[in-house]
Amino acid sequence: MPAVTADTLTLPRLALPPAEARIRAVRKVITAHRQTEGEGFVVRRPFPGMDLSLADPFLLLDHMGAVEYGPGEAKGAPWHPHRGFETVTYMLDGAFEHKDSTGGGGLLTEGATQWMTAGSGILHSELPPQEFVAKGGLFHGVQLWVNLPRSLKWTPPRYQDIGAGDVTLLSSHDGGALLRVIAGEFGDHKGPGVTWTPISYVHATLAPGSELTTLWPADFNALAYVLAGRGTVGPESRPVDEGQLAVFGPGDALALRAADRQDYHGRTGWEVLLIGGLPIREPIARYGPFVMNTKAEILQAFEDYQAGRLGVVEPDQVPHQTAADDALDQ
Ligand code: MN
């Protein structure tokens, strides 16, 4: 199930772009590769793997599920550090429990987003809650990494918990698509997420055969990732299926069309994430959970982590501690 549903006929509608708007052509379509993360759960990862300058200001996109876990099967990412960027976790089905070395934490459930600015550094764990592990169930989520510019890499850690009910809901010009604006601007509307780096983050559900044509900031890059279903994008109607990412070229507007038939089980729409932002265009040095500007800063991050300067996990949290160092391989 898409995280939040609504009757699109009652929602504010996006205006169609003016006739002179340039619809962005598709630069490339990338099929996500599969990767094992944390305690051993499989993600689909469209990037990194491509030319990262195309994704700038984004660093990584992990698509978790959709997967039907049996009892005892659900997994997550135990204690590990981050520095120099933001992790944005959007949950569609199931739940994640979050804890961090500052004592913060919370439960992330269907339709909610957690925006964590790691900034100068933090340790955290992201795990399905015990009750969910025990019972099993449908699990589906996305984690996006947003880079921070050099001037903000040392900003103190910060959270935004964006509840399912906080998301800005809109519809396309004819009501055929439901749009959930999680962060940034979309048309004349704004999402609840406050971002250090200007970005837009939208989850769209297009009814079979419907079209979404919308303005998109010309100075942002533009990516469309398919969570489920299939359709076509761009003026050239390029097909994109589940697990594929379309990277758009320059222009002012995006055009998407859902296929007339959506064959996947139990769903009726085409589920697409639209993401874009203002490129940072700075050198990137990355290793595992650290993303800085220079190799020296990466070495410093390792030293700081090992010295406990990114935070220390309390003794009662130790059951999850063993994977902290494994996470450095991520
Ligand atoms: Mn993490």
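Some observations on this one:
- Distance from the range 1-33 to the range 202-246 (C-alpha centre basis), Å: 6
- The range 1-87: GluC sites (Glu not before Pro) in DSSP coil with no more than 15 other Cβ atoms inside 10 Å: 20, 73
- Among the GluC sites (Glu not before Pro) found in the range 186-293, those both in a DSSP coil and sparsely packed, with 12 or fewer other Cβ atoms within 10 Å of their Cβ, are 236.
- Sites residue 307 and residue 158 - FRET efficiency at Förster radius 25 Å, r taken between beta-carbons, to 0.05: 0.65
- Chymotrypsin sites (Phe, Trp or Tyr not before Pro) restricted to DSSP loop in the range 126-166 with at most 15 other C-beta within 10 Å: 154
- Percent of C-alpha pairs per 20 Å bin, the chain, short to long: 33, 58, 9, 0
- 0 to 90° range, to nearest 10: angle between helix 295-306 axis and the chain longest Cα axis: 60
- If R0 equals 35 Å, the separation of the Cβ atoms of residue 53 and residue 73 corresponds to a calculated FRET efficiency of about 0.40.
- Antiparallel DSSP beta bridges within the chain, as percent of all bridges there, nearest 5: 95
No value in this document is a laboratory result; all are computed from the given coordinates. Computed from a predicted model, the values in this text were never measured in an experiment. Virtual Cβ from ideal backbone geometry, glycine too; neighbours counted across all protein chains shown.
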